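In what follows, a single structure is set out as C-alpha cells and then discussed.
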Amino acid sequence: MRHGLEISCGGASVTVGGLVALGELAERSGWDGVFLEDYLIHHAGDDPPTWDPWLVLAAVAGRTERVRLAAMRAAVARGPLR
C-alpha cells in the first residue's frame, strides 16, 4: 500500500514556500506522494491567495528526489475568472 498527501493550493495562510516545505517534509517522512488540488479559485473568505498547482509542483520537484507529484485534477479548459 502507498500513502500520499492531498494538499490545498489556496487559503488565507497558504504560501508557496509552505507548500514546498510540506513536499520536502512529506518525502523525508516517507510518504509516497504529494498531490495538489487543481483549483485556480479557493472559495473561502473575500480574496484568499490561490497558487497554480503546476508551478508549485515544479518547485517541489526541484527540492525532492523520490516522492511522486501530481495534481488531483487537470482542467483541460479553464473558464474565465470572475
Next item on the list: Find all pairs meeting these conditions: Cβ atoms under 7 angstrom apart; at least six residues apart or on different chains; first residue within segment 11-23 and at pLDDT below 90; second residue among the aliphatic types (A, V, I, L, M) and assigned to a loop (DSSP other than H, G, I, E, B).
Entry: G11/A44
Check: So which residues in segment 7-21 are crowded, with 18+ Cβ neighbours inside 10 Å and assigned to a helix (DSSP H, G or I), if there are any at all?
Finding: L19, V20
Checklist line | Residue in segment 49-66 that is touching a Lys or Arg at 6+ places or on another chain (Cβ under 6 Å) and modelled with pLDDT of 90 or more present | finding: no
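The values are calculated or read from the model by the stated rules, or taken from the named source; none is laboratory data. Since we're looking at a predicted model, the values are computed, not measured. Because the Cβ atoms are built from the backbone with ideal geometry, glycine has one as well, and the counts that use them run over all protein chains shown.
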